[in-house]
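Notes follow the structure.
The values are calculated or read from the model by the stated rules, or taken from the named source; none is laboratory data. Bear in mind the structure is a predicted one, so any value in this text is a computation, not a measurement. Glycine also receives a Cβ, built like all others from the backbone with ideal geometry; neighbour counts cover every protein chain displayed. When the accessible area is computed, the model is the full protein with side chains, heavy atoms only, and any ligands, DNA or RNA have been set aside. Shrake-Rupley method; radii C 1.70, N 1.55, O 1.52, S 1.80 Å.
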Amino acid sequence: MSCRRNLNLLRVCAIILLGEITAFLSVDYRFSIALVPVLILIFIADTLKTLKDTRRKTPSLPDEEKTREKAETLSQIEEPATNVEEERLVMAYIQVDNFDEIMSVCQDENRPELLARIDKIITQWVQKYNGFIRKYESDKFVAVFSKKELDRVEEDKFSILEEIKELKVGPAIMVTLSIGIAYGQNTVLETSRMALNALELCLGRGGDQIVIKAGGKTQFFGGKTREMEKYSRVRARVISHALRDLIEESDAVMTLGHVFMDMDALGAGAGIVTAAKGLGKPGYILLSPEQSPSVESLMSLLLEDEELCKVFIKEEAALDKMTKKTLVVVADTHRPSFCLSQKILQRAEKIVVIDHHRRGEEFIDNAFLVYLEPYASSTSEMVTEMLEYMGEEVKLSPLAATALLSGIAVDTGHFSFKTGVRTFEAASYLRRMGADPTMVFKLFQEDMETVNARAEVVKRAKVHFGHIAISYYLEKPKNPSLSAAQAANSLLEIKGINASFVLVPTDEGISISARSLGDVNVQRVLEKLGGGGHMTVAGAQLKNTGIKEALEKLQAAILEYMKEGETA
Ligand SMILES: [Mn+2]
């Protein structure tokens, strides 16, 4: 550089000297004298500049010169200029989703082989794309490759997700991966953070997928299998932190329950609103247009509270308040058509889904964060766990804790069904926060008429196969689905009964509610009638059907199920 500078200087000097000589010899010597200081000035300025540049280790050149030099260097190695983009650093964090489960299922002697096969598939995949990979924990890897190779990976449609699934452990469990990828950040550290962030998003969405974050855009690939059957606290913590970030980025949080809101949806709502308040954001719970009777008691309790009564909001007002930055939390359902407000769901830009129902076909697929945990007893249980991890600012009031406890109580039949270790842990946390179990009991008290109607249903019950009770309501009760569910629970209180089905007339036809102690899979029975649910709690709707016809169909379905059981 200084070489070229000196050459330039010489050239300038030569031209001026030439001018000087010409002027001196021919025209006017005064003109030549005037040129002398100019020559000296140029010389001094340039020497000073050269000195300054050499003192600095990285000399700053004019932009024009920089580009020319870059072009010269590039032409020297004969590569196109687009290489910079192609050679961009891409970071990937790879994690085996269900490592603990796989290891616990896999027999001791087979473990080393399984581990080696997992390692091999992942390592070979990265090496195929000329990447670098390091394992930093038994189930975690970090890899680096170039952007050009990432394009190839994308062309390949991320076949590794399928390839790894071929590693089956036992008859049912397969290995799945979550991969978080990022590029295009200013520093390697930022890229790494972004990739970790992508991995968390992957895990939060149920694993078995790839999330790529770059240039403010997030892309999703894979995730075709059923939700990961994993229920470790790690996930609750990760989701809790992700939710916390989303709440902090938002201007308000709006909780959206499902139609015919129950205590679980309402309790979860009270929990989310508490989280929002703790993080300094206004929180709202959308009120259903037609108030569901099953939450009346809890609702009136919450409305008595000075703070909580302000969080309930009607659809119109909610739509007015909504901005692009409003976070909408859908609780206790993942089906868009079940949501309390379609308008809010459509307008929402940032959606979080928290639900404990088994994933169905219909799904809110534009959600930012999905926490779907079919192994949890209730959405209230899931929200309680998340609140525990949310941070010190978030503190449950005794009333909100009671609301959450009643949510768990309603979905577990007072801690009898779907109740795991963590259900009690959540309940214990709520109790510590001041939840009142007697208040929960009172919330479930019913009027005389309802109790009598249910007693009639129990009286009418017929027992099939010695352990399955079936009964029905003759007339549509005030709240059909709730009454049927409660009657089905009552039937299970009878000695020797393992499963119960209660039919109830509705406006559209007949609704069936089923409960089981576990020996009979009521989900499979009611699936035959177009219904669904869980193994121990299920329901179905038969349109344009009368009681008699519905009873016949149900008995046929049970018979079919029993036959399958014999052959299976
Ligand atoms: Mn629920």
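Has the stretch 336-350 got any residue that is within 13 Å of the ligand (Cβ to nearest atom) and part of a loop (DSSP other than H, G, I, E, B)?
No: the stretch 336-350 contains no residue that is within 13 Å of the ligand (Cβ to nearest atom) and part of a loop (DSSP other than H, G, I, E, B).
Could you check how many residues of the stretch 353-391 are more than 16 Å from the ligand (Cβ to nearest atom), of a type in the set (D, E, K, R) and either modelled with pLDDT of 90 or more or crowded, with 24+ Cβ neighbours inside 10 Å (or both)?
Total satisfying the criteria: 1.
Inspect all residues belonging to the stretch 413-428 and state whether any of them is open to solvent by 90 Å² or more (accessible area, probe 1.4 Å), modelled with pLDDT of 95 or more and away from the ligand (no atom under 16 Å from the Cβ).
Looking for residues that are open to solvent by 90 Å² or more (accessible area, probe 1.4 Å), modelled with pLDDT of 95 or more and away from the ligand (no atom under 16 Å from the Cβ), one finds none in the stretch 413-428, hence no.
Being open to solvent by 30 Å² or more (accessible area, probe 1.4 Å) and either touching a His at 6+ places or on another chain (Cβ under 6 Å) or without any contact (Cβ under 8 Å) to a residue 24 or more places away in the chain (or both) is the requirement here; does Glu316 meet it?
For Glu316, the condition - open to solvent by 30 Å² or more (accessible area, probe 1.4 Å) and either touching a His at 6+ places or on another chain (Cβ under 6 Å) or without any contact (Cβ under 8 Å) to a residue 24 or more places away in the chain (or both) - is met.
So Thr191 ticks every box in (1) among the polar types (S, T, N, Q); (2) modelled with pLDDT under 90; (3) open to solvent by less than 10 Å² (accessible area, probe 1.4 Å) but one. Which box is left unticked?
Going through the list (1) among the polar types (S, T, N, Q); (2) modelled with pLDDT under 90; (3) open to solvent by less than 10 Å² (accessible area, probe 1.4 Å), Thr191 breaks only (2).
Test Ala81 against the criterion of being of a type in the set (A, V, I, L, M), modelled with pLDDT of 85 or more and not in a helix (DSSP H, G or I), and give yes or no.
no
Restricting the stretch 84-98 to residues that are modelled with pLDDT of 85 or more and not aliphatic (A, V, I, L, M), which is most open to solvent (accessible area, probe 1.4 Å)?
Arg88
Output the number of residues of the stretch 455-486 satisfying the condition of being assigned to a strand (DSSP E or B), within 17 Å of Ala538 (Cβ to Cβ) and open to solvent by 20 Å² or more (accessible area, probe 1.4 Å).
Going through the stretch 455-486 one residue at a time, the tally reaches 2.
Can you tell me which residues in the stretch 129-170 are more than 29 Å from Pro112 (Cα to Cα) and open to solvent by less than 40 Å² (accessible area, probe 1.4 Å)?
Those that are more than 29 Å from Pro112 (Cα to Cα) and open to solvent by less than 40 Å² (accessible area, probe 1.4 Å): Ser146, Lys147, Glu149, Leu150.
Taking only the stretch 535-560 into account, find how many residues are open to solvent by 20 Å² or more (accessible area, probe 1.4 Å), more than 13 Å from Asn498 (Cβ to Cβ) and of a type outside the set (Gly, Ala, Ser).
Selection size over the stretch 535-560: 13.
Within the stretch 393-400, is there a residue that is within 16 Å of the ligand (Cβ to nearest atom), closer than 12 Å to Gly271 by Cβ and either not in a helix (DSSP H, G or I) or not polar (S, T, N, Q) (or both)?
No.
Test of understanding: among Ala455, Ala435, which residue is over 21 Å from Gly518 (Cα atoms), under 36 Å from the mean Cα position of the chain (by Cα) and more than 16 Å from the ligand (Cβ to nearest atom)?
Ala435
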